[in-house]
1. In the range 214-225, how many are surrounded by 24 or more Cβ atoms within 10 Å (Cβ to Cβ) and touching a His at 6+ places or on another chain (Cβ under 6 Å)?
2. Would it be correct to say that residue 353 is surrounded by fewer than 17 Cβ atoms within 10 Å (Cβ to Cβ), within 16 Å of the ligand (Cβ to nearest atom) and either over 19 Å from the mean Cα position of the chain (by Cα) or over 30 Å from residue 147 (Cα atoms) (or both)?
3. Would a scan of the range 145-152 turn up a residue that is buried (at least 22 other Cβ atoms within 10 Å of the Cβ), within 14 Å of the ligand (Cβ to nearest atom) and more than 22 Å from the chain's Cα centre (by Cα)?
4. Any residue at all in the range 10-31 that's open to solvent by 40 Å² or more (accessible area, probe 1.4 Å), farther than 25 Å from residue 326 by Cβ and at pLDDT below 95?
5. What pairs come out if I take residues in the range 192-213 that are part of a loop (DSSP other than H, G, I, E, B) and pair them with residues that are open to solvent by 80 Å² or more (accessible area, probe 1.4 Å) whose C-beta lies under 7 Å away, six or more apart or interchain?
6. Any residue that is open to solvent by 40 Å² or more (accessible area, probe 1.4 Å), closer than 30 Å to residue 339 by Cβ and not β-branched (Val, Ile, Thr) - is there at least one of those in the range 258-281?
7. Where residues in the range 116-143 are open to solvent by 10 Å² or more (accessible area, probe 1.4 Å) and among the hydrophobic types (A, V, I, L, M, F, W, C), which of them is farthest from the ligand (Cβ to nearest atom)?
8. Conditions: (1) buried (at least 20 other Cβ atoms within 10 Å of the Cβ); (2) under 19 Å from the mean Cα position of the chain (by Cα). Residue 255 meets all but one. Number of the miss?
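The values are calculated or read from the model by the stated rules, or taken from the named source; none is laboratory data. This is a predicted model, so every value here is computed, not measured. Heads up, the Cβs are rebuilt from the backbone with ideal geometry, glycines too, and the neighbour counts pull from every protein chain shown. To get the accessible areas, we keep the full protein, side chains included, count just its heavy atoms, and leave off ligands, DNA and RNA. Shrake-Rupley method; radii C 1.70, N 1.55, O 1.52, S 1.80 Å.
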Amino acid sequence: GKSGYDHYMHKEIHEQPTALRQCLRGRVDELNGTVTLEELDSVGSVSDVQLVACGTSYHAAVFGASLLCDRGVHATAMLASEYSSERVPVDSSTLVVGVTQSGETADTMRALREANKAGGETVAVTNTVGSSAARECDHALYIRAGPEIGVAATKTFASQQVALTLLACHLGGEATHELVRALRDVPDQIQTILDTSQATSIAQTYVDSDAFFFIGRGSQYPVALEGALKLKEISYEHAEGFAAGELKHGPLALVTAETPVFALVTGDDEQARKTVSNVKEVKARGAPVVAVTDGRSDVDRYADHVLEVPPSTDIGTAITANVQLQLVAYWIAHELGRSIDKPRHLAKSVTVE
Ligand code: F6R
């Protein structure tokens, strides 16, 4: 049952600390700062990683591809519905990673079958033991999130982020003490966010807006995409996620005083500074800004509201910032009285192309 929560989605958002501890168990060694994925030990030498997925899982794939690239592994994320092994070269040194919570999504399954036929090596990153994806692929990396009932993916996205981080360490050489510590700390950091988030009041303030925009760079770009998808699917409000750098290539024309912009600004590097400039640009167009920040940049000087996340590595803050956006989506949909666990027109498992 829902254990006292109004919706499975809310319960599953709160299950994330437990889900992530399960995903990490036995796979990270804090003392040595290492990652071990025995299930991928037999993967051969890899020159190219193609991550294929749909929807929320695609956002996790974008995140995973960027971590692999950071570690010197050539990697691309592709929408499974757009993937064709006839157009994308696949050979025995290609690793095709199907990211699919259910393990049953038709487009992802077709992509994996094509990849296997073309001679690629395949991995299913999935929540479901014995699923079609797990059976189709040469290897399975289970995300261990536990069952997810709400149609909107929440804890499975966080678990995919963690599992893909581990995969990136496995394929891209060593983990570091810093990264392993960051992953270890994420469950407690999420708990802190769940206990203290101001998302309810943000939701009340902006529920009647014309549209909602989300911007982020680097590891926060897929979080911006995911924040918008979560909001649109459960609230039925217009929401879009953009790479912060794309704003001035078009989306800025949509920005008004009636369109709050959620800006993901973590760290204090060049990326963060550039996103702070984008925040100033949307402020100049009158848009209210909600910064999701670890307080390491000066974005709070320009933002109307702040949703805090604890300082961490880029990977840690990409996981925790998303939790703040899950709560914003949940509370806006709640304010609007939507059917949160079963949004109109959507199904938990999409088994047709
Ligand atoms: C959104 C959502 C969908 C799924 C997509 C892929 O909240 O749940 O976008 O992420 O249908 O599903 P899986 O991961 O089962 O392949």
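1. Looking only at that region, the number is 1.
2. So residue 353 fits the description; yes.
3. The answer is no; no qualifying residue exists.
4. Yes, because at least one residue in the range 10-31 is open to solvent by 40 Å² or more (accessible area, probe 1.4 Å), farther than 25 Å from residue 326 by Cβ and at pLDDT below 95.
5. Sorted first by the residue in the range 192-213, then by its partner, the pairs are 207/335; 209/258; 210/258; 211/238; 211/254.
6. Within the range 258-281, one or more residues are open to solvent by 40 Å² or more (accessible area, probe 1.4 Å), closer than 30 Å to residue 339 by Cβ and not β-branched (Val, Ile, Thr).
7. Once the filter is applied, the top-ranked residue is 118.
8. With (1) buried (at least 20 other Cβ atoms within 10 Å of the Cβ); (2) under 19 Å from the mean Cα position of the chain (by Cα) applied to residue 255, the lone miss is (2).
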